[in-house]
Amino acid sequence: MGEVALLDRRAIRVHEQASDQQMAIRLCGQVLVDIGAVDPPYIQAMLEREKSISTYLGEGVAIPHGTTAGKDAVRRDALAVLKFPDGVDWDGGRVTVCIAIAARGDGHIAILTELAQILSDPAQAQALRQATTADDIIHLLQPESEQKESA
Amino acid sequence: MPQRTVIIGSSQGLHARPAKLLVEAAARQPVQVLLSIGDGRPVRADSMLSVLSLGAVAGSTVTLHAEDADGAERALEELATLIAADLDAPDPAVPGATDA
């Protein structure tokens, strides 16, 4: 299963701005609320998760998601991708791409593993940082095998 | 290359706090340490992305590979102990566990 199935085109924003990490997380959470994937309390759970341990992944990418306690607010597993071209300070790192995760159960772990595998390729990570359209982002996060199947 | 095999003790596997603690501890070692699962390609233990890309769940067996140099055995010992522990339980006895 590719995480692209979880990525709704409406959940991709390529030109966001946030003055700080908290604002970026709120924006991410709001997109998940807007697409009906989570209830509003999930945003607080995302802020708490970030406070207890940073979700900075490396390569300019952070993956905000809720705490275990916040899972009750998740209606369905989903991703949101928000790009911050000006960058957001993330505990000393500079984040330009947020991939917000909503997942019940342990679903986020499989999603995370797949994202980490994609981003472990520096060329793919760079392409994600430079992507300017929703199509580019969907293409990048879609594993090759699935692209062939859907072609 | 000195190696050590260890079973993951954290209930979340190598994710979130357990992964972060491992990456930080690996970065402090004087030698380069790699981590692999099964026949998989070894990845850097001091990179969050690499460690997460393993998808290591609780109870799976991982192998630590240290660069053959001074401090290798000690590095393997420290990291193996960390991986075998239940790092999900916030425990003040674990160095760094209370770090935000």
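The values are calculated or read from the model by the stated rules, or taken from the named source; none is laboratory data. What you see is a predicted model, and the numbers here were worked out from it, not measured in a lab. Note that we place each Cβ from the backbone using ideal geometry, even for glycine, and neighbour counts take in every protein chain shown.
Observations on the model:
- Applying a threshold of 9 Å to beta carbon distances and a minimum spacing of six or more residues, or different chains, the list of pairs starting in the stretch B:1-13 at a residue that is modelled with pLDDT under 90 and ending at one that is assigned to a strand (DSSP E or B) reads B:Met1/B:Leu34; B:Met1/B:His65; B:Met1/B:Ala66.
- For the stretch B:47-91, the set of residues classified as modelled with pLDDT under 95 and under 12 Å from B:Val31 (Cα atoms) is empty.
- Residues that are over 17 Å from A:Gln22 (Cβ atoms) and either in contact with a Gly (Cβ under 7 Å, 6 or more places away or on another chain) or part of a strand (DSSP E or B) (or both), drawn from the stretch A:97-108: A:Val97, A:Ile99, A:Ile101, A:Ala102
- Residues in the stretch A:123-146 that are modelled with pLDDT under 90 and loosely packed, with under 13 Cβ neighbours inside 10 Å were compared, and the one that is nearest to A:Tyr56 (Cα to Cα) is A:Glu144.
- Selection count, the stretch A:34-75, where residues are facing chain B (nearest Cβ under 10 Å), touching a strand residue (DSSP E or B) at 6+ places or on another chain (Cβ under 6 Å) and in contact (Cβ under 8 Å) with a residue 24 or more places away in the chain: 4
- Leading residue by the ranking (nearest to the other protein chains (Cβ to nearest Cβ)) among those in the stretch A:99-132 that are in contact with a helix residue (DSSP H, G or I) (Cβ under 9 Å, 6 or more places away or on another chain) and under 15 Å from A:Pro85 (Cα atoms): A:Ala125
- Selection of the stretch B:44-89 for residues being more than 17 Å from B:Leu21 (Cβ to Cβ) and charged (D, E, K, R) yields B:Glu67, B:Asp68, B:Asp70, B:Glu73, B:Arg74.
- Selection from the stretch B:1-56 of residues that are hydroxyl-bearing (Ser, Thr, Tyr), crowded, with 17+ Cβ neighbours inside 10 Å and either farther than 19 Å from A:Thr113 by Cβ or in contact with a strand residue (DSSP E or B) (Cβ under 9 Å, 6 or more places away or on another chain) (or both): B:Ser36, B:Ser47, B:Ser50, B:Ser53
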